[in-house]
Each structure stands twice: as C-alpha cells, then as structure tokens.
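**Student:** What follows is a structure written as structure tokens; I'll ask about it next.
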Amino acid sequence: MYVISGASGNTGKAAAKKLLQAGKKVRALVRDVNKASELAALGAEVVAVDLSDRAGFERALVGADGLYLLSPPDLTSHNFLAERSQLLGAVAAAAKSAAVPHVVFLSSVGGQHPSGTGIIQSVHAGEVALRGAGVTSTFLRAAYFVENWASVLPVAKQDGVLPSFLPGKLALPMVSTVDIGNLAAEALLDGPRGERVLELSGPRDLTPNDVAVVVSKLLGRAVQLVEAPLEAVVPTFTSFGISPEIAELFRQMYEGLRAGRVSFEGGKAEARRGPTSVEETLRLLSK
C-alpha cells in the first residue's frame, strides 16, 4: 500500500492515479476529503490529515510500502523557512517511527543548495531532514512548473502580453505536473534503492519567449512577452495577499534562476525528461 500526501493536488493526484492503474492500494492523504472524490471513486482510501498533526500522520503511515511526500504550500507565513524546517523534520521523524521503507520527496531544481535559491531552500530542508532521520529516500528534483504560467494566461488573453520575471531569452528546463506525479509513482514502484536523486524536466528546455509563441498559437492572437524587473516581484506578490517574506523568497528564487544557481546538480543524479509538452499543458490551462 502506498501513501500519497497532497493527493488532491496536481502531482499527488497524478501519482495516486498511476498507482491505482497499476493495481496498487493507495491511501490518499488530504485536508478536505471532498476534494478527493475522484480518487475515492477509483478505489483509493481517502484519509483527512494535516502533516502538522504528528500523531495522525504517523497513524496514516501504518502499513505503507512507500510514501510520496511534498511540502504543502503556505503563502501567508511570516516565518516560512523556520516553520517549514520544523514541519519537515517532524514529518521525517514520523516516517522513521512508522518504519516507512521508502519516501519519494518532491524537491526542486536547485534543491541541493542550502542558500541562494529563495523559497527552494524549504525543500532543501526536507532533503536534509529525511537524510538526518535515516529514511531511505528518492529526491525528485523537478524543473520549473509549466503550470506556473497559468496565472498570467488571462492577461495574455485580454491584453496580448505575457508578463514574466524571467528574461525572454533565458533557456530553462520546465516540466508539467502530470509528469512529476507519474515519475513519483514510478519511483515508488521501484522501491527503496538507497538514496536516489531524479532530476526531471520536460521534453525540451524553453525560453519565456518560446512560451509566448506557444500561448500566441493557442489563443489565436499575437502575444508579446513583457519582462518585469526583479524589483517588482515583492509588490506584485504582496498585492495578491502573499506575505512579504514569501514574496521576498520568490524574488530570491527568480534571482537564482537568472544567475544560474537554480539549476540541476548533474553528477550522480539521474536525468529524466517527461513526455508532456508545454503545448499540451498550456492548451488545457487556456480553456
């Protein structure tokens, strides 16, 4: 039986579906069971639990052959890195206590670095916690999510511009969340093989200018990329209700992307490319 945290989210749902299709038992962990009705209909056991509930989370891990773990979003925190380090430390300890033989942890491109990557530092803390707890883990370091472009698609539709905090000519690995979930399921089915690092990107690296061309094609109108300065990150994000600390961490992440620090480690890490194109994902997002 496999336990999937964040099972109502994009990557968690994809991982759960992949495992169910393979005929495996799945325990789907969610905060709101109403958001997991699709998985329940497919045969998953749905359990309402919050990762901060150490006792409840540990009970949910009983009998697990593997756990897919992700760091849940919290865009209103005013002490995010410290809080996330504490949470993931407790989660790793719970996995150890419950004798989970294998954890697949959703990390990020740049997750090998302890600093200089902004909000990605939080998943680095997760890697450190799992290693420190002695839990056999696979770190799935995913590239920049294609779905990150969803928030600016309405602007592209209305005004014909695609805002970006990244330079138009900066080539980046990008990946669709369905490919992340599918690889997470694959890694769980592989079972524990000692510590592994999987570095996942999409079929090809793209620039923001390339994305604008794809969006233009999908919308049937001219779409021009508009580069915004890093100084605009914090005021833009806080205008959407995101805390100043989280906004600053995103600014640092964009800075790290521009500088090349937010990049794959290479070396002994296993490089993978998912099959889903940017066009496929943005077509669904633009409907």
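**Student:** Suppose R0 equals 35 Å. What FRET efficiency, 1/(1 + (r/R0)^6) with r the Cβ-Cβ distance, do residue 82 and residue 213 give to the nearest 0.05?
**Tutor:** Here the calculated transfer efficiency is 0.25.
**Student:** Right, here's the next one. Bin all alpha-carbon pair distances of the chain at 5 Å intervals from 0 and give each bin's fraction as a whole percent.
**Tutor:** All Cα pairs considered, the percentages come to 1, 6, 12, 16, 18, 18, 14, 9, 5, 2, 0, 0.
**Student:** What is the magnitude of the charge dipole of segment 2-285 about its Cα centre, with +1 placed on the Cβ of each Lys and Arg, -1 on the Cβ of each Asp and Glu, and no other charges, expressed in debye to the nearest 20?
**Tutor:** 520 debye
**Student:** Let me check I have the definition right: for segment 178-236, take the eigenvalues of the Cα gyration tensor, multiply each by 5, take square roots. What are those semi-axes in whole Å, largest first?
**Tutor:** 35, 18, 10
**Student:** Another question about this same structure. Rank the residues 253, 174 as a footprinting-exposure proxy: fewest other Cβ atoms within 10 Å of their Cβ go first.
**Tutor:** Arranged by neighbour count, lowest to highest, 253, 174 become 253, 174.
**Student:** Over segment 164-256, what relative contact order in percent results from Cα pairs under 8 Å that are six or more residues apart?
**Tutor:** Answer for segment 164-256 is 35 percent.
**Student:** Given points 7 Å out from each Cα along the Cα-Cβ axis, report the residue 40 to residue 268 separation in nanometres with one decimal.
**Tutor:** Going from the residue 40 label point to the residue 268 one covers 4.4 nm.
**Student:** Still on this structure: When a footprinting reagent is the concern and you count Cβ atoms within 10 Å, what order do 276, 117, 238 take, fewest first?
**Tutor:** 238, 276, 117
**Student:** Where in the chain are the helices, taken as whole DSSP H runs, whose Cα atoms extend 24 angstrom or more along the long axis and whose Kyte-Doolittle mean reaches at least -1.0?
**Tutor:** Going by DSSP H runs, the hits are 80-97.
**Student:** Sticking with this structure for a sec: Take peptides 154-160, 73-79 and line them up by average Cβ neighbours within 10 Å, highest first, as a rough protection proxy.
**Tutor:** Ranked from most to least packed, the peptides come out as 154-160, 73-79.
**Student:** Dipole size in debye (nearest 20) for segment 45-107 around its Cα centre, Lys and Arg Cβ +1, Asp and Glu Cβ -1?
**Tutor:** 180 debye
**Student:** Take every DSSP beta bridge whose two residues both sit in segment 2-285, then give the antiparallel share in percent to the nearest 5.
**Tutor:** Close to 5 percent.
**Student:** Set the Förster radius R0 to 25 Å, insert the Cβ-Cβ distance between residue 285 and residue 170 as r into 1/(1 + (r/R0)^6), and round the FRET efficiency to 0.05.
**Tutor:** Here the calculated transfer efficiency is 0.75.
**Student:** Skipping prolines and chain starts, which residues have an amide H placed within reach, meaning under 5 Å, of the one on residue 226, given they are 5 or more residues away or on another chain?
**Tutor:** Counting only residues 5 or more places away or on other chains, the set is 162, 164.
**Student:** What Kirkwood Rh does segment 32-114 have if only Cα atoms enter the pairwise 1/r average? Answer in Å.
**Tutor:** Here the Kirkwood hydrodynamic radius works out to 14.4 Å.
**Student:** What percent does the relative contact order of the chain come to when contacts are Cα pairs within less than 8 Å and at least six residues apart?
**Tutor:** Once divided by the residue count of the chain, the mean separation gives 20 percent.
Every number here is computed from the coordinates shown, using simple stated rules; none is lab data. As the structure is a prediction and not an experimental result, all values here were calculated from the model. Reconstructed Cβ throughout: ideal geometry from the backbone, glycine too, with neighbour counts over all protein chains shown.
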